1. Which of the residues that make up the range C:75-109 are closer than 28 Å to C:Asn36 by Cα and within 7 Å of chain A (Cβ to nearest Cβ)?
2. Looking only at residues in the range C:72-85 that are in contact with an Asp or Glu (Cβ under 9 Å, 6 or more places away or on another chain) and free of Cβ contacts under 8 Å to residues at least 40 places away in the same chain, which one is farthest from C:Lys30 (Cα to Cα)?
3. Which members of the range B:249-275 meet the condition of being in a loop (DSSP other than H, G, I, E, B) and hydrophobic (A, V, I, L, M, F, W, C)?
4. Considering only the range B:362-401, how many residues are surrounded by fewer than 18 Cβ atoms within 10 Å (Cβ to Cβ) and hydroxyl-bearing (Ser, Thr, Tyr)?
5. Tell me yes or no: at least one residue of the range C:120-127 is of a type in the set (A, V, I, L, M, F, W, C), out of contact with any strand residue (DSSP E or B) (no Cβ under 6 Å at 6 or more places or on another chain), within 14 Å of chain A (Cβ to nearest Cβ) and over 30 Å from A:Met1 (Cβ atoms).
6. Condition first: within 30 Å of A:Val114 (Cβ to Cβ), modelled with pLDDT of 95 or more and within 14 Å of chain A (Cβ to nearest Cβ). Can you find one or more residues in the range B:341-349 that meet it?
7. Please list, ordered by first then second residue, the pairs with beta carbon atoms under 7 Å, 6 or more apart or interchain, first in the range B:326-340 and more than 7 Å from chain A (Cβ to nearest Cβ), second buried (at least 21 other Cβ atoms within 10 Å of the Cβ) and of a type in the set (Phe, Trp, Tyr).
Amino acid sequence: MKLRSRHLLALEGMSKDEITLILDTAETLKEILARPIRIVPTLRGVGVVNLFYEASTRTRISFELAEKRLSAEVVNFSASTSSVKKGETLKDTVRNIEAMKIDMVVVRHQASGVPYFLTQCMKASIINAGDGAHEHPTQGLLDVFTVREKYKRIKGLKVVIVGDIKHSRVARSDIWGFTALGADVSVCGPTTMLPLEIEKMGVKAYSDLDQALEGADVVNVLRIQLERQRGSLLPSLREYSNKFGITRDRLNRLNQNFTIMHPGPINRGVEITPEVADGPHSVILDQVTNGVAVRMAVLYLLSGGEGKVE
Amino acid sequence: MNNYEKEKGVVSEFDLAIVGGRVIDPESKTDRIADIFIRDGVIKRIEKPKSKLGAKETIDAKEMIVVPGLIDMHTHLREPGREDEETIYTGSCAAVAGGFTSVCCMPNTHPPIDNQETVKFVYEKAKQAKCKVYPIGCITKNQMGEELTEIYDLVQAGVVAISDDGKPVSDPQVMRNALEYCRMFDLPVISHCEDLNLSGSGVMHEGFVSTSLGMSGIPSVAEEIMVARDIKLAEFTKAHLHIAHVSTEGSVELIRQAKKRGIKVTCEATPHHFSLTHEIIRTFDTNAKVNPPLRSKKDVEAIKKGLADGTIDCIATDHAPHSIEEKDVEFDFAPCGMVGLETALGLVVTELIEKKILSWSQAIAKLTINPAKILNLNGGRIKKNFPADITIIHPKTLWVVDPTKFQSKSKNSPFGKKRLRGKVFCTIVGGEVRSRE
Amino acid sequence: MPKKQKIVLVMDAKAVERALIRVAHEMVEKNKGAENLAVIGIKTRGAYLAERIAKLIEQIEKVKIPVGLMDITLYRDDIQTKLEQPVVQKTEVLFDVVDKVIVLVDDVLFTGRTIRAALDQIIDFGRPKNIQLAVLVDRGHRELPIRADYVGKNIPTAKDDRVNVKITEVDKEDSVSIIKQ
């Protein structure tokens with residue numbers, strides 16, 4: 001079994017077997033994180049650039065740790081798009097990186113499709129660390145991983161994603177990842193934040209939170225982005241919180257042994273109350289730990305050879 | 001083969017003869033094998049085959065289709081201002097290569113065609129062009145949507161219509177005034193229908209593809225709301241409204257109903273809007289980023305139906321050249337537009353004629369006589385004493401689109417590698433062969 | 001392609017068993033008991049051999065010694081030249097290796113590269129007192145300066161021969177054979 005592509009651009013179109021291979025590998029690699037020396041020499045000599053066009057703390061650190069624990073050579077390149085827009089084009093930047101003999105590029109950008117664009121102009125393996133509102137495949141994988149670790153299965157679980165579905169790349173990757181492994185996925189959010197024809201992605205869409213939560217096993221609470229309020233998708237955060245906030249009262253609709261997830265960073269008291277976020281059913285910090293293992297698995301599986309000497 | 005000159009004693013009283021071809025002239029409902037004789041740039045005789053007339057030069061059009069020179073009523077030639085992307089000359093080369101003998105150039109140049117001087121500049125440059133070039137003037141000064149241009153001045157200088165294409169006229173009062181004012185000159189007002197508040201930061205059609213790619217969408221209603229508004233204004237002002245690049249099912253239906261009510265509204269559709277859907281954006285090809293965006297399958301079907309039932313009068317390219325540097329960027333940042341002059345006819349034949357949506361005569365009408373009538377151009381006909389603007393088409397030839405071979409200065413076409421049927425064999429402008437395979 | 005292959009059986013089940021018993025005895029003898037001893041088997045077949053040796057030592061010395069299992073994939077030196085990444089299996093060393101006498105166990109000793117990877121990995125777990133090596137078969141052709149402390153059987157081979165070790169736990173029988181190309 002191997003991955004069909006040497007890039008990780010999206011979970012859309014990935015088979016159950018491919019996702020399972022990544023998760024199984026991550027499970028094995030997670031053990032390294034418990035060793036006295038949390039580093040293995042696997043990717044020695046492999047050059048990885050973290051190309052971040054959008055501010056990110058946790059994803060970048062998580063990737064960087066994953067790379068370092070596999071002994072890759074890591075270079076960080078952060079740029080605000082505003083300055084890049086004025087100066088060098090993305091293509092020129094990428095060509096420069098290519099000229100430095102880099103093997104893998106981890107890229108985050110606020111425009112959808114940039115990781116694909118990179119595959120068209122360089123030879124390195126490209127890993128999408130979030131492109132616009134398109135996908136964030138490693139987040140999707142770590143979410144599936146965390147749920148699988150707890151329940152030992154994905155098939156048949158009822159997963160609800162709550163929040164601004166329209167602008168969320170996490171929602172999209174989660175939808176593809178969980179549905180590929182047989183979960184029953186719903187999305188829930190204000191009607192202005194549910195994109196057109198979302199049901200065609202194989203999910204049910206709700207605007208009534210209680211209805212969506214009925215009988216659910218996993219609730220993934222998305223961050224409500226304060227900066228996206230232009231265009232009046234929401235009258236106020238207060239109103240959002242009242243209608244869609246995950247509070248303790250609402251949890252009794254869930255199945256026993258339910259799970260609360262959040263990709264972070266949390267707006268405490270807006271989309272989720274602190275007592276739920278920090279409660280016994282929350283796996284929010286496990287997600288962070290698992291993020292490193294999942295990213296190590298992705299790096300490992302994509303580091304092999306096409307284009308290299310046999 | 002030229003049998004005519006070999007005939008003893010026959011004087012070549014004509015400059016050019018096109019013989020043996022199937023002549024289709026939609027206006028006169030002609031569709032028969034005939035020989036055409038041209039002198040001094042004018043069609044002089046249309047004869048039954050094997051006539052004894054002779055000409056200095058003869059084109060054998062056997063198995064070809066001979067039609068009036070194609071007219072593109074919606075072209076961006078970029079000159080003045082962006083001569084790196086296209087000039088009036090290179091655009092005209094692309095036009096004749098694509099079978100067009102006339103193009104109408106949109107005024108969103110730098111500076112825009114919003115004054116007599118710029119109109120004169122275009123006409124001056126057009127003297128060197130391979131095809132006829134008719135400028136369209138701006139509706140508002142600098143296309144700002146605020147003050148009307150000196151429309152009478154523009155008419156005097158020879159504009160054939162006015163439009164702020166590329167931008168809508170957002171203020172309905174300004175649009176009302178433009179329509180009302182133009183009624184004096186019997187001048188069509190070409191409307192780019194887009195509500196900018198609704199299209200917002202959208203970069204593609206809002207639908208399942210934008211949902212799965214996470215791209216901001218331009219909803220169909222952003223176009224339809226302004227189509228509806230402009231139809232109401234046309235009804236109210238009794239002026240001639242022409243709606244550019246119709247792209248949605250709803251727009252087609254609004255125009256269909258308006259025509260039924262006798263409102264003076266005409267419209268056009270582009271080849272890309274009847275050949276491509278938003279699915280192509282899944283490859284993030286910035287050459288497929290256009291405005292209005294490529295829509296859903298349902299919309300494409302509606303455009304085809306609108307073409308078939310006559311709701312859509314014309315096929316126009318919206319030829320919009322952009323440099324590689326501008327297009328080879330993140331999808332969100334790429335400018336809108338694709339070149340279209342050199343693929344239009346192939347797409348019409350492949351997508352409409354071969355698929356029995358339109359007959360040859362219907363299709364050719366939308367590329368010739370219909371735009372000619374809308375813009376009051378002296379052309380679009382194969383008729384005695386009319387200008388000898390003629391396009392000869394090889395209807396069966398199968399060819400593969402190769403943008404690198406385009407005459408246009410820009411290569412931004414998403415149709416690269418596509419196989420098309422129907423190729424231009426020869427383009428004749430004013431009796432002169434301007435392009436020949 | 002399918003050239004005529006010649007298969008030669010070099011150890012049957014009985015021979016494998018005798019070799020393991022002898023190796024277990026040698027280990028106890030060399031280390032003067034099993035007090036500070038631990039075995040780590042290299043996946044896949046070495047892991048089962050390590051478990052068997054630990055059981056044999058328990059029978060001899062009445063001491064239960066710790067058994068670890070190790071997958072050396074992440075320490076391979078050819079990882080970036082492979083077209084397909086090998087599946088990483090679990091490494092389970094659930095005891096502290098510091099100051100222990102570690103005996104690495106593998107089925108076949110050939111180029112020595114696997115052992116090099118295993119040595120590096122053990123050292124990343126801590127600093128053992130010393131590390132020894134036990135193999136069922138030593139077939140020669142070393143590419144690194146590595147030598148086994150306990151050998152079930154030395155088998156002379158040609159470089160392109162294949163040595164096929166079968167273990168009951170995986171292959172339903174115990175045997176060692178050479179496949180001559």
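1. Once the filter is applied, which keeps residues that are closer than 28 Å to C:Asn36 by Cα and within 7 Å of chain A (Cβ to nearest Cβ), the range C:75-109 yields C:Tyr75, C:Gln89, C:Lys90, C:Thr91.
2. Once the filter is applied, the top-ranked residue is C:Leu83.
3. B:Ile263
4. Residues in the range B:362-401 being surrounded by fewer than 18 Cβ atoms within 10 Å (Cβ to Cβ) and hydroxyl-bearing (Ser, Thr, Tyr): 1 in total.
5. Checked the range C:120-127: at least one residue is of a type in the set (A, V, I, L, M, F, W, C), out of contact with any strand residue (DSSP E or B) (no Cβ under 6 Å at 6 or more places or on another chain), within 14 Å of chain A (Cβ to nearest Cβ) and over 30 Å from A:Met1 (Cβ atoms).
6. no
7. Here the result reads B:Val339/B:Phe406, each pair linking the range B:326-340 to a residue that is buried (at least 21 other Cβ atoms within 10 Å of the Cβ) and of a type in the set (Phe, Trp, Tyr).
Conditions tested, residue by residue: (1) of a type in the set (Gly, Ala, Ser); (2) away from every other protein chain (no Cβ under 14 Å); (3) out of contact with any helix residue (DSSP H, G or I) (no Cβ under 6 Å at 6 or more places or on another chain).
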| position | (1), (2), (3) |
| --- | --- |
| A:Ile19 | no, yes, no |
| A:Leu23 | no, no, no |
| A:Val46 | no, no, yes |
| A:Glu64 | no, yes, yes |
| A:Ala79 | yes, no, yes |
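The values are calculated or read from the model by the stated rules, or taken from the named source; none is laboratory data. Keep in mind the model is a prediction, meaning the values are calculated, not measured. Virtual Cβ from ideal backbone geometry, glycine too; neighbours counted across all protein chains shown.
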